[in-house]
1. It is to be established whether one or more residues within the range 73-91 are assigned by TED's automatic domain parsing to the domain that holds PRO186, within 18 Å of TYR190 (Cβ to Cβ) and not aromatic (Phe, Trp, Tyr).
2. Give just the number: which of (1) surrounded by 22 or more Cβ atoms within 10 Å (Cβ to Cβ); (2) closer than 25 Å to LYS58 by Cα; (3) within 13 Å of ligand 2 (Cβ to nearest atom) does GLN188 not satisfy?
3. Of all residues being away from ligand 2 (no atom under 15 Å from the Cβ) and not hydrophobic (A, V, I, L, M, F, W, C) in the range 228-265, which is nearest to GLU156 (Cα to Cα)? Just the residue, please.
4. What are the residue pairs meeting all of these: first residue in the range 77-92, first residue in contact (Cβ under 8 Å) with a residue 12 or more places away in the chain, second residue of a type in the set (Val, Ile, Thr) and part of a loop (DSSP other than H, G, I, E, B), Cβ atoms under 9 Å, and 6 or more apart or on different chains?
5. Return only the number of the condition from (1) outside the structural domain of ALA54 (by TED's automatic domain parsing); (2) within 26 Å of LYS99 (Cα to Cα); (3) more than 16 Å from ligand 1 (Cβ to nearest atom); (4) surrounded by fewer than 22 Cβ atoms within 10 Å (Cβ to Cβ) that LYS243 does not satisfy.
6. What are the pairs with Cβ atoms under 7 angstrom where one residue, in the range 227-255, is on the phi > 0 side of the Ramachandran plot and the other, located anywhere, is more than 9 Å from ligand 2 (Cβ to nearest atom) and of a type in the set (Ser, Thr, Tyr)? Sequence gap at least six, or different chains.
7. Which of the residues that make up the range 14-53 are among the acidic types (Asp, Glu) and surrounded by 12 or more Cβ atoms within 10 Å (Cβ to Cβ)?
8. Residues being within 24 Å of GLY107 (Cβ to Cβ) and modelled with pLDDT under 95: count how many of those fall in the range 135-161.
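The values are calculated or read from the model by the stated rules, or taken from the named source; none is laboratory data. These numbers were taken from a predicted model, which means no experiment stands behind them. Positions of Cβ are generated from backbone atoms using ideal geometry, with glycine treated the same way; all protein chains shown enter the neighbour counts.
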Amino acid sequence: MKEKYKRGLVLDPSTGELKPVSRGQYIQQWLYGVCEPYILKGTMFMLKSPKRAALFNKMSTPKALPREVVVSTEAACRFIDFIYGQNIGNDCPRMAVTKCVCQTATGRFREPVEKDMALLYTANLYLSAKITGIGEPYRLIETAEEAKEMLKYFDECGLVHAIMYCHSSGRWTFVVCNCDDEICVPVQAYKAGRRDQVLAGPEIIALDRSKCKGCDECGKCIERCIFEANSIGLGGASAVDYKKCLGCGLCASTCPSGARTLVIRKDYEHEDKLTTRILLG
Ligand code: SF4
Ligand code: SF4
């Protein structure tokens, strides 16, 4: 395995601690990177038929596979500031980006395609080894500003940011995905009933119905929510199913009347995986 960068760091997102990645973890991540396209293809194969999807939903997600926690653009930008704000020298990359693994693996493309943002040791590995299981080289993201501009653009495009961690440990955070509602495999699995694939983040929407312009006149929140949490409520104002809201903030960022804001989710369950100290400041 050719290493362009000497060091790779791993973030413990529950404490904010950065430490050198172990060789074992590095190799496991490499193996995961090689297998990932086949895992994604296999998942889509299971989801395509109702019978296979029902079987798939009965299986528990193997511990070796990743989960993702949904975050708002503001929270994702704070996460980026944290990563780029660490004093780790110049020989260790913070982030790298390549084409969406889900799009490449399934052969279905929709712009923006370059949106798979690898972090720290994963960026180090993917830049050095050119692992691509998917055949696409990664590109270094030089600055926090560049990374945050990308996130804001993805928000405009209606993509949901999700921070993924590997192996259920919560300590192997490895990528910021930017998910759509048509091609993203974890979102397809979530919509088919796999609620353990895409997890609610530390924020949730709050709606002031008195400020809503009405769904006939506006309805942007219904269009923007890929988790179908929004609907037409009493009197034509929008309504929220709070059980379905994962806290992406896409509806809030386009609500023209300020009827929607993100607030802290009181029952956030993943503090040990992604701490609110980093995400919410
Ligand atoms: S985006 Fe805002 S104003 Fe428009 S329907 Fe939704 S809540 Fe109402
Ligand atoms: S209701 Fe808004 S914040 Fe909640 S999941 Fe839908 S778009 Fe995201």
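1. no
2. GLN188 satisfies every listed condition except (3).
3. GLY236
4. Close Cβ pairs satisfying both conditions: TYR84/THR143.
5. In the conditions (1) outside the structural domain of ALA54 (by TED's automatic domain parsing); (2) within 26 Å of LYS99 (Cα to Cα); (3) more than 16 Å from ligand 1 (Cβ to nearest atom); (4) surrounded by fewer than 22 Cβ atoms within 10 Å (Cβ to Cβ), LYS243 misses (2) alone.
6. GLY249/THR73
7. Correct list: GLU36 only.
8. Number satisfying all stated conditions: 5.
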